[in-house]
Amino acid sequence: MTELVSRAQGVRFDELALATRNHGMQLEGMRYDITPIGMHYLLIHFDIPEIDASSWRLRVTGNVERELELSLDDIRSRPATTIPVTLECAGNGRTAMDPRNVSQPWGLEAIGTAEWTGTALGGILDDCGIRDEAVEVVFTGADRGFQDNVEHNYQRSLRIGECRRPEILLAYEMNGVPLPPQHGFPLRLLVPGWYGMTSVKWLRNIEVVDRPFIGFQQTAAYRYQRDADDPGLPVSRIRVRALMIPPGIPDFQSRRRTVESGAVVLRGRAWCGTSAVVRVEVGVDDVWRDAELDHSVAEFAWRGWSYTWDARPGEYRLSCRATDADGNVQPAEQFWNRQGMGNNLIQEFPVTVR
């Protein structure tokens, strides 16, 4: 069962233990178009499995005309694509919710943009020959454990039509090098535009099925639920969000910012999984001004923005918000849900100008 606690209770020891295994991207990392691997956010549900690449095989089974068993060399020999993609954990911003779900205690740092290299999933499915009765494809990782007392391998599914998107990859490289163990070596699924839970790591099996998949990570976890009895709606595409690189210098403990008076260039990144980001605004004590958007480098990668602030001595509250091409704007009030998913609340923080 999902356990909720008040923010006033503070972070629990088991949450701290999760936070030592997983890490977010330091927000100053947004200065890089492509996130260095060591800064990219990381979430590991269970353990990093021990995999021997020489004996590892990817099996494609189920409702297909021809089952496949592919080595890593087989997959690397197929047509390759390299694309920059921004990934964000569905629980990013969870600790701002009240009450909050007892889970990985994300602030705002569960993001990263890497250049992923792999082969198109659709090409492999074409080689198998999907049967007419097929409705979904189930992806199984090698990581296994318990969640809510349910023992399972990490598994997620996608509808057949979604799997046909040309940008969905079976990825074996990250930023030009083989996947590190923590990011899914030797092979992972990459689903641009969706929250990170969909991009199954340590991939070992692809099964084409003729009915909706009802595994734990599909039907119990990653749901927008209002209460314990609500089956909820599935988490899918990334909601529009902008974040600011905190300006000036920080206090070690509180991270409160101090900047010098004068022209201060505020910068950040914005992204969305449903449509393009078309506007970013910067707020200074809730007075909003348009930022300048950089050119978009790729459809599913974040977009840079900047704004020059005439900073006068005093105390201020800075914030930023993004708007997508469909007119969706980041909310000023929290959309609460039981699992702490999809929180794209406007970022804001105090700044001292001296």
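The values are calculated or read from the model by the stated rules, or taken from the named source; none is laboratory data. Computed from a prediction, not measured in an experiment: that's the story for all the values here. Ideal geometry is used to build each Cβ from the backbone, glycine not excepted, and the neighbour counts take in all protein chains shown. Quick note on the areas: whole protein, heavy atoms, side chains included, nothing else; ligands and nucleic acids left out. Shrake-Rupley method; radii C 1.70, N 1.55, O 1.52, S 1.80 Å.
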>> I'm checking my understanding of the structure. Among residues of region 176-190 that are within 16 Å of GLU115 (Cβ to Cβ) and in a loop (DSSP other than H, G, I, E, B), which one is most open to solvent (accessible area, probe 1.4 Å)?
In response: GLY176
> Could you count how many residues in region 302-334 are within 30 Å of ARG165 (Cα to Cα), open to solvent by 10 Å² or more (accessible area, probe 1.4 Å) and in contact with a Phe, Trp or Tyr (Cβ under 9 Å, 6 or more places away or on another chain)?
Replying inline: 2
> From the residues in region 53-88 that are closer than 27 Å to ALA220 by Cβ and open to solvent by 10 Å² or more (accessible area, probe 1.4 Å), which one is nearest to the chain's Cα centre (by Cα)?
Replying inline: ARG59
>> I'm trying to understand the selection: among the residues of region 268-296, which are under 27 Å from the mean Cα position of the chain (by Cα), of a type outside the set (Gly, Ala, Ser) and over 18 Å from ASN344 (Cα atoms)?
In response: ASP290, GLU292, LEU293, ASP294, HIS295
> Considering only region 262-301, how many residues are of a type in the set (Gly, Ala, Ser), in a loop (DSSP other than H, G, I, E, B) and under 26 Å from GLU333 (Cβ atoms)?
Replying inline: 4
> Out of all the residues in region 290-307, which are hydroxyl-bearing (Ser, Thr, Tyr) and farther than 13 Å from MET244 by Cα?
Replying inline: SER296
>> Could you go through region 151-171 and let me know if any residue there is open to solvent by less than 50 Å² (accessible area, probe 1.4 Å), farther than 15 Å from ARG188 by Cα and among the charged types (D, E, K, R).
In response: yes
> Taking the condition in contact with a Ser or Thr (Cβ under 6 Å, 6 or more places away or on another chain), over 30 Å from CYS128 (Cβ atoms), surrounded by 15 or more Cβ atoms within 10 Å (Cβ to Cβ) and in contact (Cβ under 8 Å) with a residue 12 or more places away in the chain, does THR2 pass?
Replying inline: no
>> I'd like the full set of residues that are open to solvent by 70 Å² or more (accessible area, probe 1.4 Å) and either over 24 Å from the mean Cα position of the chain (by Cα) or polar (S, T, N, Q) (or both), limited to region 228-250.
In response: ASP229, ILE249
>> Quick check on my filter: what residues within region 105-137 are under 30 Å from GLY93 (Cα atoms) and open to solvent by 30 Å² or more (accessible area, probe 1.4 Å)?
In response: LEU108, GLU109, GLU115
> Does GLN225 satisfy being out of contact with any helix residue (DSSP H, G or I) (no Cβ under 7 Å at 6 or more places or on another chain) and open to solvent by less than 30 Å² (accessible area, probe 1.4 Å)?
Replying inline: yes
> In this structure, is ILE44 closer than 27 Å to VAL85 by Cβ, in contact (Cβ under 8 Å) with a residue 24 or more places away in the chain, open to solvent by 40 Å² or more (accessible area, probe 1.4 Å) and of a type outside the set (Asp, Glu)?
Replying inline: no
> Looking only at residues in region 335-354 that are open to solvent by 30 Å² or more (accessible area, probe 1.4 Å) and under 22 Å from the mean Cα position of the chain (by Cα), which one is nearest to ASP227 (Cα to Cα)?
Replying inline: ARG338
